[in-house]
Amino acid sequence: MSCYLCAYMRAESPEDHQPLPSGSPVSPDQDLGTCYQCSVWACSAHGTRYGKFECAICTPATAAEDALTAAAVGGPAAVVAHLVGMNASGPLRNQVAIAMQDVVTASQEQVPEARSLVAPGQGPPNLITNLAEAIRRRRQYPPDDLFVFAVHTNGEGFGLLSLDAIGGAVRARFTGRQLSSPNDDAVTTATGALLLGYSLADPEIAARRRADQVSWPEGIDSLRRPWEVPSPMFLDPVLWMLGTALPES
């Protein structure tokens with residue numbers, strides 16, 4: 001078994017969009033390809049091929065990026081996320097619209113000297129250029145709070161995620177790019193992207209998705225902060241950015 005998500009026992013992720021046929025010589029948890037974006041190996045349950053093979057972590061991230069970018073092409077990931085977002089609740093979509101506008105506003109602020117922002121605690125908080133400081137500000141934790149558990153277990157957890165590395169990934173991806181204020185379709189796509197990402201990171205949402213693969217977003221009126229979900233390691237930095245920007249519900 002070499003699928004990245006299977007290795008971390010993401011059994012709660014449903015086997016869609018392209019399940020293996022009966023009698024296939026490949027087992028469901030055997031890797032089928034390498035994600036074109038993040039390079040992890042993924043199986044039929046955790047990967048999808050719409051021209052390029054894409055793992056379940058990167059599909060919502062690609063869709064969210066598409067929803068925010070002014071020169072978006074509306075690719076397959078955005079289509080998948082939009083279908084999910086169409087069933088999302090009004091309150092959640094309103095929160096996502098606010099978060100997206102806050103990200104766009106952050107992209108228009110003056111960019112500090114980027115080379116100095118690699119050091120923790122440097123520069124003002126900003127959802128794009130200094131996401132780590134924005135997270136620390138929202139968590140109300142001390143400035144030297146540098147890590148979160150990759151997976152929470154019984155009040156503790158294992159593995160560490162660097163908040164500054166997450167922020168660096170967002171900074172590298174979005175600094176200097178032109179973002180666009182959200183319209184209805186962009187909000188729907190971004191909402192669906194968050195729900196898809198959280199269905200990997202939050203077992204409660206994963207259970208809803210397993211129970212009803214069409215209407216599962218209905219009734220989800222709010223989402224936890226990225227650092228509060230049981231398995232934050234399965235949220236791409238783009239979803240960390242949007243999840244951090246969500247207003248208090």
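Here, each number is a calculation from the coordinates, and none is a lab measurement. Because the structure is a prediction, the values reported are computed rather than measured. Heads up, the Cβs are rebuilt from the backbone with ideal geometry, glycines too, and the neighbour counts pull from every protein chain shown.
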The chain - mean residue ellipticity at 222 nm from DSSP helices (-39,500 (n - 2.57) per run, n ≥ 4, rounded to 500): -12000 deg cm²/dmol
From the phi angles alone, apply the Karplus equation (6.51, -1.76, 1.60; θ = phi - 60°) to the range 85-97 and give each ³J(HN,Hα) in whole Hz, x where the residue is Gly or Pro. x, 4, 9, 6, 6, x, x, 5, 5, 5, 5, 5, 4
With label points set 7 Å from each Cα along the Cα-to-Cβ direction at Val79 and Gln110, the distance between them in nm comes to 4.5 nm
Stretched fully, the stretch from Gln122 through Asp145 gains (0.36 nm per residue minus C-alpha distance, one decimal, in nm) 7.0 nm
Quick one: Cα centre-to-centre distance for the range 118-167 and the range 183-236, in angstrom? 21 Å
How high is the relative contact order of the chain, in percent, counting Cα pairs under 8 Å that sit 6 or more residues apart? 25 percent
Taking all pairs of different Cα atoms in the range 1-56, averaging 1/r and flipping that mean, what Kirkwood radius in angstroms comes out? 11.0 Å
Over the chain, with a Gaussian network built from C-alpha contacts below 10 Å, which listed residue (Ala67, Ala193, Ala172) shows the highest mean-square fluctuation? Ala172
Which order do the peptides 198-205, 237-244 take when ranked by the mean count of other beta-carbon atoms within 10 Å per residue, highest first? 237-244, 198-205
Cysteines (scope the chain) whose Cβ has no counterpart Cys Cβ under 4.7 Å: Cys38, Cys58
In whole percent, what relative contact order does the range 1-56 give with Cα contacts below 8 Å and a gap of six or more residues? 37 percent
